Amino acid sequence: MSLETDTSIKEAAVKKPGTFQVRVENLDKTIEVNTASLPLGDTGKAGSILDILLHAGVEIDHACGGVCACATCHVYVKEGSETCPAAEEDENDMLDMAPDLKSNSRLACQCVPTGEKDIVVEIPSWNRNYAREGA
């Protein structure tokens, strides 16, 4: 076994029940989420990616305050999207206004992972001026 494989096995073995990770790929930041602690704040749907990111100090634009009235919290869910409910009509309507729309585009304020699996998100390059790691 390689060291990389051993590390993966060790990481999988120490995953705590009731937790999952949200990794922001382009910020190289991983957030451990305890599902029992959700919601973490009051921005976006309870337990949404936006709620998780803001609580972890990742600043991402959310001009409407997380009420699905804009597309500024647009993210790409690159892994684990199957643990998130499908986008509702209101979210799809707002996504239609987002630049660089892809099949894995979601509004962070509306996308609520179940915690069954870790997820990986990317904040689009057009929004990186708004997104940065907190202190």
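What follows is calculated from the coordinates using simple rules that are stated; it is not laboratory data. All of these numbers come straight from a predicted model, not from anything done at the bench. A quick note on method: Cβ atoms are made from the backbone with ideal geometry, for glycine too, and the neighbour counts reach across all protein chains shown.
Can you list the trypsin sites (Lys or Arg not before Pro) in the stretch 72-132 that are in a DSSP coil and have 16 or fewer other beta carbons within 10 angstrom?
Here the sparse-neighbourhood loop sites are Lys102, Lys117, Arg128.
Pop out the ³J(HN,Hα) list for the stretch 108-125 in order, Karplus 6.51 cos²θ - 1.76 cosθ + 1.60 with θ = phi - 60°, rounded to Hz; leave Gly and Pro as x.
4, 6, 10, 8, 10, x, 7, x, 5, 8, 5, 10, 10, 10, 10, 8, x, 4
Skipping prolines and chain starts, which residues have an amide H placed within reach, meaning under 5 Å, of the one on Ile31, given they are 5 or more residues away or on another chain?
Result for Ile31 returns Val22, Arg23, Val24.
Mind checking the full-extension length gain between Lys29 and Ala63? Use 0.36 nm per residue of separation minus the Cα-Cα distance, one decimal, nm.
Computed gain between Lys29 and Ala63 is 10.0 nm.
Sort 50-57, 33-40, 119-126 by the packing proxy (mean of other Cβ within 10 Å over each peptide's residues), most packed first.
Ranking, from highest mean packing down: 50-57, 119-126, 33-40.
Per residue of the stretch 34-43, what does 6.51 cos²θ - 1.76 cosθ + 1.60 with θ = phi - 60° give for ³J(HN,Hα)? Whole Hz please, x for Gly and Pro, Karplus curve as stated.
Here the 3J(HN,Hα) series is 9, 4, 5, 8, 7, x, 8, x, 10, 10 Hz.
So what are the ³J(HN,Hα) numbers for the stretch 90-100, from phi and the Karplus equation (6.51, -1.76, 1.60; θ = phi - 60°), rounded to whole Hz, Gly and Pro as x?
4, 5, 4, 4, 6, 4, 4, 8, 7, x, 6
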